[in-house]
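To start, the structure under review is shown below, and the notes come after it.
The values are calculated or read from the model by the stated rules, or taken from the named source; none is laboratory data. Values in this document were obtained by computation on a predicted structure and should not be read as measured data. Neighbour counts are summed over all protein chains in view; Cβ atoms, including those assigned to glycine, are modelled from backbone coordinates with ideal geometry. We work out accessible area using only protein heavy atoms, side chains counted, and drop any ligands, DNA or RNA first. Shrake-Rupley method; radii C 1.70, N 1.55, O 1.52, S 1.80 Å.
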2 protein chains.
Amino acid sequence: MADGLVISVDGMGGDHAPESVLDGIEIAARKAPGARFLIHGPAARLTQMLEQRPAAKAASTVRDAEKFVAMDVKPSQALRQGKGTSMWNALVSVETGEAQACVSAGNTGALMAMAMMRLRKMEGVHRPALVATWPTAQGFAAVLDVGANVEADGSQLVEFAIMGEAFHRAVRGSSRPKVGLLNVGSEDQKGHEEIRSAARLIREAGVDLDFYGFVEGDDISKGTVDVVVTDGFTGNIAMKTAEGTARLVAGFLREALTAGPLARIGALLALPALKKLKDRMDPRTVNGAVFLGLNGIVVKSHGGTDGLGYAAAADVAIRMAKSHYRDEVAANLARLSAATAVTAATAAMPGLS
Amino acid sequence: MADGLVISVDGMGGDHAPESVLDGIEIAARKAPGARFLIHGPAARLTQMLEQRPAAKAASTVRDAEKFVAMDVKPSQALRQGKGTSMWNALVSVETGEAQACVSAGNTGALMAMAMMRLRKMEGVHRPALVATWPTAQGFAAVLDVGANVEADGSQLVEFAIMGEAFHRAVRGSSRPKVGLLNVGSEDQKGHEEIRSAARLIREAGVDLDFYGFVEGDDISKGTVDVVVTDGFTGNIAMKTAEGTARLVAGFLREALTAGPLARIGALLALPALKKLKDRMDPRTVNGAVFLGLNGIVVKSHGGTDGLGYAAAADVAIRMAKSHYRDEVAANLARLSAATAVTAATAAMPGLS
């Protein structure tokens, strides 16, 4: 099933690396027998630590890299000094074809900059985008871009839609995910020109998508669509606002259930149910944002996550690597680029338009 | 205390008008003795309905208006056909000085368009903005713009900051609210040029604000600042995303607490605590968005709210009307406009810049 599947791992990325990384590989290796992990980092230290993690040990190869990228360096600095770090080498393993996907919990800006440099943009993609998974009343939605670009024009938003749709199928196993454009209203004339032109382009370009139209902020959690498309500024703010709100409600709930003796007894009786609720809201289960649009799969884990969270990110990498994600995106991008070429040509010839 | 205070009311605005409106006035009148309400709508019907609402009856004058604005008409249509409607007349009462503030739960677009036409923009304001109140871990934050404009440049964002800060003091009674600009990171170089220029302008223009700097999406619920400033596109999406998330978590909680007999008993014991939690999350308590930046106070209630929610919106109108909101905004706007005039003059003279 996972024959020949190799995931490249930045062993030193993340606030609790390498412990959290190796804990994650231990869980992921048990879940995906057959997958191999190529872990980049200080060989002696990692090899010794793998002794306590038998499944990870059996499924992994350690590749020595003494340097690593600090969590607080700027992307430009990381590009200049990054060569030979565990993050850089993990990306190079994907570039050379030794691995089919790469996972890192390190510095996001550095990872995106290095990934762009080593793996380059896929043909037809103008701006790679970061996609996040979001729990909804219906299951899970893919939301992108959540921070790779602060702006996006109409055709870039369509590229995001194409990549996000293929991502949802690859990782969530959906057959025909519904795609929506995030806006401030559902009527055609609402919002920025960029969004309106993206909607027109999807409808007119013959892109193979189940396009729902515009969705509003509250539609994300409702699960009105499976893929929510927006620029990186709005997407990042929506994602963090939702995280903040969930944390606020959880805090209010905790306060309420510890406010008096009756509430405490009630909470105790309801403990298994509340535990299940907590698991359902656990950000670790949806860990693993993917940097889409490159010649290679790059998964970004939250920097502060633990082994369970890291395993979820590794699982995303494995699902993406096993899927036909790239071919599907390539086919749809070709349709889009043919359509935009026609639009550009007609615009250049006023007599025809 | 509220001597001579008159609030003008659109008796026919809202999904459940006029019942919800009169229920709201009944509650508001009990809470604010001395305040008078000038209710616009079909006089015979409203007068009869006031018979069952003694506090509202004692505090109100009914002004006949047979027409009303439908919930689904477009703003342009409302402008053409709106004259003489209960909404129009409620605004005119503020324009003539007969009332100090106006409340409507009617069609938002129509209300904004009519308010702009009748009350005009305040001197120094380029774009009025809609401000919403948001529950946080620390209390309540004012978030603006939540939908009046899809875009805003740097100096318009500063105008929002000035208006939002004065609003927080007027309605929340804070003495020195902290103001933040919503962005995708806290570093100076993050985000759109509009936001970065707004930050520079606040720091350099001598505007009298406690400016915190950039905040991210999760800072809103944390209560990192009291006033969150953003454009109407981002603000609207953030607000609806938060509402959707809170509803999702509440739904998950409900499911968890009804999943089995033990959970049900636990929930029953914790019922008063859960009730308190529900009240705390009740959107009715923060009802009443204010359309800031006009020569007069216009409060927009949610269209679907009931009497309790409407009373909260009326309370916002009363607090605003009693405050020095306008003078404070005018003083700060004068500082801003002096600073931008200097900037524009230096930019026009390259030798000086």
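For the reader, a short list of remarks on this structure follows.
- With a cut-off of 14 Å between beta carbons, the residues surrounding B:G260 carry a summed charge of +3, where Lys and Arg count +1 and Asp and Glu -1.
- Solvent exposure, largest accessible area first (probe 1.4 Å, DNA, RNA and ligands not counted), of B:H302, B:H192: B:H302, B:H192
- Shape of the stretch B:63-133 from the C-alpha gyration tensor: oblate (a/c of 1.5 or more and a/b not above b/c, with a ≥ b ≥ c the square roots of its eigenvalues).
- A simple spin-label model places pseudo-atoms 7 Å from Cα toward Cβ; at B:Q81 and B:H16 they are separated by 2.7 nm.
- Contact order normalised by residue count of the stretch B:1-49, Cα under 8 Å, 6+ apart, percent: 51 percent
- GNM top mover of A:E151, A:E165, A:E204 - chain A, alpha-carbon springs below 10 Å: A:E204
- Springs between Cα atoms under 10 Å define the GNM used for chain B, and in it the highest mean-square fluctuation of B:M239, B:M87, B:M320 occurs at B:M239.
- Think of the stretch A:208-259 as a dipole: +1 on every Lys or Arg Cβ, -1 on every Asp or Glu Cβ, centred on the Cα centre; then among A:G244, A:V227, A:A259, A:A259 lies furthest on the positive end.
- Calculated label separations, A:R120, copies of the chain, 7 Å along the beta-carbon direction, nm: 6.2
- Restricting the calculation to alpha carbons of the protein assembly as shown gives Rg and Dmax of 27.9, 89 angstrom.
- For A:A137, neighbours were defined as the other residues whose beta-carbon sits under 13 Å from its Cβ, and their charges (Lys and Arg +1, Asp and Glu -1) total 0.
- Note on the stretch A:33-123: with charges restricted to the Cβ of Lys and Arg (+1) and Asp and Glu (-1), its dipole about the Cα centre is near 100 debye.
- Neighbourhood charge, 15 Å Cβ-Cβ cut-off, centred on B:A110 and excluding it, Lys, Arg +1 and Asp, Glu -1: +2
- Per residue, the solvent-accessible area of the stretch A:209-353 (1.4 Å probe, heavy atoms of protein chains only, all protein chains present) comes to 42 Å².
- D (Stokes-Einstein, µm²/s), Kirkwood Cα radius, the stretch A:220-316, 0.890 mPa s at 25 °C: 153 µm²/s
- Inter-part distance, the stretch B:305-328 to the stretch B:35-75, computed on C-alpha centroids, equals 18 Å.
- Additional length obtainable on full extension of the chain from A:E151 to A:E204, 0.36 nm per residue less Cα span: 16.8 nm
- Of all DSSP beta bridges in the stretch B:1-95, antiparallel share, percent nearest 5: 0 percent
- Ascending list, in nanometres, of distances separating the B:T61 label from those of the other copies (7 Å, Cα toward Cβ): 8.8
- Using a Förster distance of 51 Å, the FRET efficiency for B:R176-B:L268 (Cβ separation, nearest 0.05): 0.70
- Computed over chain A with a Gaussian network model linking Cα atoms closer than 10 Å, the most mobile of A:P128, A:P177, A:P54 is A:P54.
- Pairing chains A and B buries close to 4400 square angstrom of accessible surface in total, based on protein heavy atoms and a 1.4 angstrom probe.
- Label geometry 7 Å along the beta-carbon vector: B:S186 inter-copy distances in nm: 3.9
- Among beta bridges identified by DSSP and lying wholly in the protein assembly as shown, the antiparallel ones come to about 30 percent.
- Kirkwood estimate for the stretch B:59-191, i.e. one over the average of 1/r between Cα atoms, Å: 17.0 Å
- A helix-only calculation puts the protein assembly as shown at -16000 deg cm²/dmol for mean residue ellipticity at 222 nm, using -39500 (n - 2.57) for each DSSP H run of at least four residues, averaged over all residues.
- Once the Kirkwood radius over Cα pairs is known for chain A, the Stokes-Einstein relation at 25 °C and 0.890 mPa s delivers a diffusion coefficient of 115 µm²/s.
- Of the accessible area of chain A, computed with a 1.4 Å probe over protein heavy atoms only, carbon and sulfur atoms account for 54 percent.
- Complex-versus-alone comparison for the stretch A:242-258, residues with a loss of 40 Å² or more in accessible area, probe 1.4 Å: A:T245, A:L248, A:V249, A:F252, A:L253, A:A256
- Relative contact order, whole percent, for the stretch B:169-213 stands at 45, derived from Cα pairs under 8 Å and 6 or more residues apart.
- Length-normalised contact order for chain A - Cα pairs under 8 Å, 6+ apart - percent: 23 percent
- Rounded to 5, percent antiparallel among DSSP beta bridges of the stretch B:155-302: 25 percent
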